[in-house]
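The values are calculated or read from the model by the stated rules, or taken from the named source; none is laboratory data. Quick caveat: nothing in here was measured; it's all calculated off a predicted structure. Because the Cβ atoms are built from the backbone with ideal geometry, glycine has one as well, and the counts that use them run over all protein chains shown.
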Amino acid sequence: MKAQSDIAVVGLAVMGENLILNMASKGFTVTAYNRSYHKVEIFLAGRAKDQSIRGADSIESLVASLERPRKIMLMVKSGQPVDDFIEQLLPHLEQGDIVIDGGNSQFEDSNRRTKALAEKGILYVGAGVSGGEEGALKGPSIMPGGNPEAWPHVKPIFQAISAKVKDENGELTVPCCDWVGEAGAGHFVKMVHNGIEYGDMQIICEGYLVMRDLLGMSADECQTVFAQWNQTELSSYLIEITADILGFKEDGEALVEKILDTAGQKGTGKWTGVTALHLGVPLTLIGEAVFARCLSAQKSQRVEAAKLIKGPAPSFSGDKQAFLNDLKHALLAAKIVSYAQGFALIQEAAKEYKWDLDYGSIAMMWREGCIIRSVFLENIKQAYDKHPELDNLMLDDYFNDVLASAQSGWRNVIAAATVNGIAMPCISSALSYFDGYRTENLPANLLQAQRDYFGAHTYERKDKPRGEFFHTNWTGRGGATSSSTYDV
Ligand code: NBP
């Protein structure tokens, strides 16, 4: 083992332990530290035995064990614990040392911490890490942002431990980790990743619901369809595990049918939705995915409502295979809309926070190692390679063509689900966004008139240049005074 460690990892829970083992397996020497020291002892005697991993029993010994510039990665619970630990560390650090937060921190916290630490001469990195326990051990997707001066020091370690994608020669050499951008950009991208994960999961669940309740398919039959879809352009980790889950048996019966239909959530989908509202970006699909989990959690109300509120009894007559093909198109189209909305959110944040982002590179960071990994991300990379400033992914030729051919099946599925009383909040809201986005004249002319009528909020006119505002005394009773204008 080297006399001084390359990096320290603080926090020996599921992510920290596995990242340390991953780093050691790539030839780095790592110092392990945890608030409760007994976990360090257990780790050193167990999984870390005979590896290039040393323990530290105090912050002083942690800092002393590191070569300079020191790199200290926190894998602790996000929020106050991160600030508390940074406070404890600061008196022991020197100019140019690097603090990395690899937890699920809010991007505003990373904006704040990058600035506050830079004022003290300490380089801060806020890195989103995705892939859970297995990813952390074998190769996660890592999305680092923060102080760019830190990147050359952190890059060799992060790119060595991250998941890899094949290069043009078919070799697994392209790391699913690259510099995202300044301050909180890395954690912002990780947040949107998690929001997209909510959307992808809900889209799949809506497909399953239609198969089960409209087509009357068993879990085994659904499993066969998802396994087939995993050989198509829908191929992804989440479709793959869905097939596995549907085929899993307990006492000869599908376990999935025994699981209570109330979804949990830890909040990253909600943050994505709240951020979209703040930035004024329509993120309808992810928003619906969060609300779908909320509605599922109202189980006792739904049990009562199911008795009292009657809708149509689902029944399907027609060509089942053709309908399943339509359903596949509906899932694909909704997924395109979800990523188009997610990337539009990242683009708006880049403008707001003045981050210089490479959208194709972000797509490649999600290509492997994380929960939303899929072949589809390759097409997103290509779209941004062609047009780095593309306003919306749906405007890219490839995605426009896919949407054009998926459109009629997508509409058929939503029509059938609507007639049969089956809720598809994500797949149907995606279609509303798609139709709204391609509509030259929305009814917001009437909306502006309503706002001017009751609140003198003014409107712009089609027959006048943009930026000129008018107020009409609609009733003859109001005055000529208009309200000030403002944007969301
Ligand atoms: P947890 O989020 O469960 O955090 C547990 C760790 O935080 C323990 O080492 C604990 O020390 C330490 N800790 C706490 Br709690 N408060 C502390 C404080 N005030 N000062 C110092 N240490 C403190 O661990 P995790 O699931 O491994 O996740 C770590 C981070 O990675 C989190 O931000 C999480 O959101 C993120 N993440 C998790 C996953 C996943 O799949 N679990 C995936 C991606 C990202 P103790 O042992 O002394 O209590």
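Numbers below:
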| read-out | value |
| --- | --- |
| Residue, farthest from the chain's Cα centre (by Cα), within the stretch 118-158, restricted to residues that are among the basic types (Lys, Arg) and farther than 18 Å from residue 74 by Cβ | 155 |
| Any hit, the stretch 72-92, residues being surrounded by 24 or more Cβ atoms within 10 Å (Cβ to Cβ), out of contact with any Pro (no Cβ under 6 Å at 6 or more places or on another chain), among the hydrophobic types (A, V, I, L, M, F, W, C) and closer than 14 Å to residue 183 by Cβ | no |
| Test: residue in the stretch 209-232 that is modelled with pLDDT of 95 or more, closer than 30 Å to residue 416 by Cβ, among the β-branched types (Val, Ile, Thr) and not in a helix (DSSP H, G or I) | yes |
| Single condition residue 40 does not satisfy, out of (1) over 25 Å from residue 163 (Cα atoms); (2) more than 13 Å from the ligand (Cβ to nearest atom) | (2) |
| Candidate set: the stretch 129-168, residues that are modelled with pLDDT of 95 or more and in a loop (DSSP other than H, G, I, E, B); chosen: the one surrounded by the fewest Cβ atoms within 10 Å (Cβ to Cβ) | 147 |
| Unique match (being among the small types (Gly, Ala, Ser), farther than 23 Å from residue 182 by Cβ and touching a residue at least 60 places away in the same chain (Cβ under 8 Å)) among 36, 65 | 65 |
| Matching residues in the stretch 99-128 - criterion: being surrounded by 15 or more Cβ atoms within 10 Å (Cβ to Cβ), in a loop (DSSP other than H, G, I, E, B) and away from the ligand (no atom under 12 Å from the Cβ) | 122 |
| Those residues of the stretch 159-181 which are within 21 Å of residue 69 (Cα to Cα) and over 19 Å from the mean Cα position of the chain (by Cα), in sequence order | 159, 160, 161 |
| Residue ranges of helices (runs of 4 or more DSSP H) in the stretch 370-488 with at least 1 members within 27 Å of the chain's Cα centre (by Cα) | 376-386, 397-419, 425-437 |
